[in-house]
Amino acid sequence: GGSEVTVSKSKINANRQIASALRDFLCENFPKCFFKKGESKKPLKIGIHRDIAKIFPEILPRHLNLVFNDYTNGPTYLRSIVTGSYRIDLDGNPATIIEQQHEDYAAKKLRRMRPRIPRPVQEAGASA
């Protein structure tokens, strides 16, 4: 049993390192499109991963997926999805307009993220 847990934890850490390094690479190569953790973000053109794959075919698709899962599922990115604003291409130029359904989806994901308030823990033997 315990070895499977160790393997999956080390795989998660390896994936995080890959995603972090590749994100830095994308920020350096596409500074008007990708932004570092904590910086405000702009919505990305749908299918932008295919544009990156054409320019850098050596990047594995699963590694791009790791980056995009992290980049597009964070609260800073999700808050940028506003109906009527633009998604951007790799050069930071407007590509497509965000539709209401996309904003609704982002808002739903944000609501699920809200931190849950922990219930007070009652000590054993304490009466309420």
Exercise for the section: Give the residue, chosen from 42, 54, that is modelled with pLDDT of 95 or more, open to solvent by 80 Å² or more (accessible area, probe 1.4 Å), outside any helix (DSSP H, G or I) and under 29 Å from residue 101 (Cβ atoms). Expected result: 42
Handout entry: Filter pass, residue 9 being open to solvent by 80 Å² or more (accessible area, probe 1.4 Å) and of a type in the set (D, E, K, R)
Key = yes
Practice task
Among residues belonging to segment 61-76 that are out of contact with any strand residue (DSSP E or B) (no Cβ under 9 Å at 6 or more places or on another chain) and β-branched (Val, Ile, Thr), point out the one that is nearest to residue 16 (Cα to Cα).
Solution key: 67
Exercise for the section: For segment 63-95, name all the residues that are open to solvent by less than 60 Å² (accessible area, probe 1.4 Å), under 14 Å from residue 42 (Cβ atoms) and of a type in the set (Ser, Thr, Tyr). Expected result: 71, 72, 76, 77, 80, 85
Exercise for the section: Give the residues of segment 52-106 that are in contact (Cβ under 8 Å) with a residue 24 or more places away in the chain and touching a Gly at 6+ places or on another chain (Cβ under 9 Å), sorted by residue number. Expected result: 76, 98
Practice task
Report yes if residue 53 is over 25 Å from residue 11 (Cβ atoms) and small (Gly, Ala, Ser), otherwise no.
Solution key: no
Fill in the blank from the handout: If we ask which residues in segment 96-108 are surrounded by fewer than 16 Cβ atoms within 10 Å (Cβ to Cβ), over 18 Å from residue 48 (Cβ atoms) and of a type in the set (D, E, K, R), their number turns out to be 2
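The values are calculated or read from the model by the stated rules, or taken from the named source; none is laboratory data. Predicted model only: the values in this text are computed from it and were never measured. Methodologically, a virtual Cβ is constructed for each residue, glycine included, from the backbone with ideal geometry; neighbour enumeration extends over all protein chains shown. Quick note on the areas: whole protein, heavy atoms, side chains included, nothing else; ligands and nucleic acids left out. Shrake-Rupley method; radii C 1.70, N 1.55, O 1.52, S 1.80 Å.
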